[in-house]
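Okay, so here's the structure we're looking at.
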Amino acid sequence: MRRRLSDVSRPARLASSGEGLGQDELALAARNHGLPLEAMRHEVTPPGLHYVLTHYDIPHVPDEASWRLTVSGRVRHTLSLSPAQLRAYPAVTTRVTMECAGNGRALLSPRPVSQPWLVEAVGTADWTGVPLRLLLDEAGIESDAVDVVFTGADHGVERGVEQDYQRGLPLAVTTGAEPEILVAYAMNGAPLPPQHGSPLRLVVPGWYGMAQVKWLRDITVADTPFTGFQQSVAYRIRQVPEEAGEPVTRIAPRALLIPPGFPDFMSRTRVVAPGPVLLEGRAWSGRAPVTSVEVSTDGGLTWHRARLEPDQGHRWAWRRWSSLWCAVPGDHVLSARAQDEAGNTQPLEQPWNLGGFASNLVQRVPVFCPGPADTA
């Protein structure tokens with residue numbers, strides 16, 4: 001019997017009780033990588049350290065001169081633009097913290113079987129490009145327009161559905177100035193690297209990574225809501241497969257700690273000397289500006305307020321926080337949690353969902369402080 005396309009594409013599933021990571025998850029983890037947490041000392045993440053999630057293959061683009069971005073659909077004038085033509089438009093640079101919608105998935109129980117992120121699926125970059133609203137204004141949006149659909153050049157199959165990677169955004173979001181959505185062609189002042197969407201990508205400040213379509217080749221204005229796979233099947237917060245669920249949109253608040261001291265190779269347990277230890281990290285939220293960060297050094301039993309640095313005019317980027325801790329010999333668990341202006345905060349127990357999306361569970365960092373008799 002001949003195999004069908006659906007035979008090579010497995011359905012979504014949950015890991016069984018006690019099931020370790022399988023070869024499929026390890027293969028995904030080898031293709032995609034997170035931010036080494038010590039790299040949060042960089043205000044702007046170097047491109048090679050910024051997290052990467054690639055759904056299918058990284059498209060090969062030997063010559064950007066042949067690349068075209070089309071703007072079509074419910075518009076009065078179809079546009080076809082090369083990257084060079086886009087660079088002739090007024091440029092905007094915005095510092096944006098991006099986070100994968102599945103960040104924290106591997107910490108859930110039962111674990112959704114997919115890219116096994118812990119907490120490192122994040123990064124911050126200065127993105128330069130053309131405001132999307134300028135292109136839509138030039139094309140002329142028809143009065144019956146509802147959604148704008150973005151198509152990337154990455155092609156694959158997922159749960160039996162062959163597809164280009166596509167996402168849609170409501171018209172009001174795409175034409176607004178807060179946030180200013182970019183068709184980006186540069187990252188940290190240099191052309192986009194291949195893994196970050198060269199030659200063009202979408203940047204949607206404040207939204208999870210699934211909205212930031214890479215290798216962007218088509219923008220289609222539609223008169224009906226977009227219902228493609230990555231919109232209506234994937235990236236929905238569900239408890240059971242049968243429900244429609246809520247769409248994943250803006251980033252929930254999160255604070256991460258730069259692990260202090262030095263690590264054990266395998267367990268990653270940190271080792272610090274007794275005495276003053278500077279605890280520091282980054283905090284962000286796509287829902288509202290971060291207003292406070294609290295730190296715990298006893299596994300969440302008690303909390304005290306950390307110093308939160310100003311955003312320096314970068315509304316959509318993470319902010320540094322710091323706190324001084326006097327370490328004493330013994331085992332400790334360090335944590336940090338953020339709260340934003342809208343009252344959103346991080347949970348100590350993570351609400352579960354089928355896809356493992358929008359998790360922002362408080363981080364736990366085991367630390368060992370040796371005493372005089374513990375150094376051998």
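The values are calculated or read from the model by the stated rules, or taken from the named source; none is laboratory data. All of these numbers come straight from a predicted model, not from anything done at the bench. For neighbour counting, all protein chains shown are included, and Cβ atoms are generated from backbone atoms with ideal geometry for every residue, glycine included. All accessible areas refer to the heavy atoms of the entire protein, side chains included, with ligands and DNA or RNA removed. Shrake-Rupley method; radii C 1.70, N 1.55, O 1.52, S 1.80 Å.
Is it the case that Ala244 is at pLDDT below 95 and either crowded, with 23+ Cβ neighbours inside 10 Å or touching a strand residue (DSSP E or B) at 6+ places or on another chain (Cβ under 8 Å) (or both)?
Taking the combined requirement at face value, the residue satisfies it.
Restricting the search to segment 324-347, which residues are among the hydrophobic types (A, V, I, L, M, F, W, C) and in contact with a strand residue (DSSP E or B) (Cβ under 8 Å, 6 or more places away or on another chain)?
Leu324, Trp325, Cys326, Ala327, Val328, Val333, Leu334, Ala336, Ala338
Among the candidates Leu171, Leu118, which residue alone is modelled with pLDDT of 95 or more and closer than 28 Å to Gln350 by Cα?
Leu118
Considering only residues that are among the acidic types (Asp, Glu) and out of contact with any strand residue (DSSP E or B) (no Cβ under 8 Å at 6 or more places or on another chain), which ones fall in segment 156-212?
If the condition is that a residue be among the acidic types (Asp, Glu) and out of contact with any strand residue (DSSP E or B) (no Cβ under 8 Å at 6 or more places or on another chain), then Glu158, Glu178 are the ones that fit.
With respect to Ala27, is the statement that it is closer than 28 Å to Trp316 by Cα and either out of contact with any strand residue (DSSP E or B) (no Cβ under 6 Å at 6 or more places or on another chain) or part of a loop (DSSP other than H, G, I, E, B) (or both) true?
No; evaluated as a whole, the condition is false for this residue.
Suppose we filter Gly140, Gly104 for residues that are out of contact with any Leu (no Cβ under 8 Å at 6 or more places or on another chain) and of a type outside the set (S, T, N, Q); which single one remains?
Gly140
Every residue, every condition in (1) open to solvent by 60 Å² or more (accessible area, probe 1.4 Å); (2) outside any loop (DSSP other than H, G, I, E, B); (3) at positive phi; (4) touching a strand residue (DSSP E or B) at 6+ places or on another chain (Cβ under 8 Å), yes or no:
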{"residue": "Thr227", "(1), (2), (3), (4)": "yes, no, no, no"}
{"residue": "Gln231", "(1), (2), (3), (4)": "no, yes, no, yes"}
{"residue": "Gln239", "(1), (2), (3), (4)": "yes, no, no, no"}
{"residue": "Ala252", "(1), (2), (3), (4)": "no, no, no, no"}
{"residue": "Arg282", "(1), (2), (3), (4)": "no, yes, no, yes"}
{"residue": "Gly299", "(1), (2), (3), (4)": "no, no, yes, yes"}
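Taking the condition of being over 22 Å from Thr249 (Cβ atoms), out of contact with any Pro (no Cβ under 6 Å at 6 or more places or on another chain) and either touching a residue at least 24 places away in the same chain (Cβ under 8 Å) or aliphatic (A, V, I, L, M) (or both), how many residues in segment 142-158 meet it?
Count: 5.
Considering only residues that are surrounded by 16 or more Cβ atoms within 10 Å (Cβ to Cβ) and either part of a helix (DSSP H, G or I) or aliphatic (A, V, I, L, M) (or both), which ones fall in segment 40-57?
Scanning segment 40-57 gives Met40, Val44, Leu49, Val52, Leu53.
Between Asp137, Asp126, which is over 28 Å from Arg76 (Cβ atoms) and not polar (S, T, N, Q)?
Asp126
Quick grid of which residues meet (1) over 25 Å from Pro289 (Cβ atoms); (2) free of Cβ contacts under 8 Å to residues at least 40 places away in the same chain:
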position: Gly22; (1), (2): yes, no
position: Glu25; (1), (2): yes, no
position: Val52; (1), (2): yes, no
position: Pro59; (1), (2): yes, no
position: Pro62; (1), (2): yes, yes
position: Trp67; (1), (2): yes, no
position: Cys100; (1), (2): no, no
position: Gly104; (1), (2): no, no
position: Arg111; (1), (2): yes, no
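For segment 87-100, give me the residue count where each residue is in contact with a helix residue (DSSP H, G or I) (Cβ under 8 Å, 6 or more places away or on another chain) and more than 21 Å from Pro47 (Cβ to Cβ).
2
What do you reckon, is Val71 crowded, with 16+ Cβ neighbours inside 10 Å, assigned to a loop (DSSP other than H, G, I, E, B) and β-branched (Val, Ile, Thr)?
no
Within segment 27-62, count every residue that is charged (D, E, K, R) and closer than 19 Å to Pro263 by Cβ.
2
Residue by residue through segment 310-329, note down the ones that are open to solvent by 30 Å² or more (accessible area, probe 1.4 Å) and in a loop (DSSP other than H, G, I, E, B).
Within segment 310-329, Pro310, Asp311, Gln312, Gly313, His314, Arg315, Trp316, Val328, Pro329 meet the criteria.
If I filter segment 331-364 down to residues being assigned to a strand (DSSP E or B) and either open to solvent by 20 Å² or more (accessible area, probe 1.4 Å) or touching a helix residue (DSSP H, G or I) at 6+ places or on another chain (Cβ under 9 Å) (or both), which single residue comes out as farthest from Val248 (Cα to Cα)?
Among those that are assigned to a strand (DSSP E or B) and either open to solvent by 20 Å² or more (accessible area, probe 1.4 Å) or touching a helix residue (DSSP H, G or I) at 6+ places or on another chain (Cβ under 9 Å) (or both), it is Asp331.
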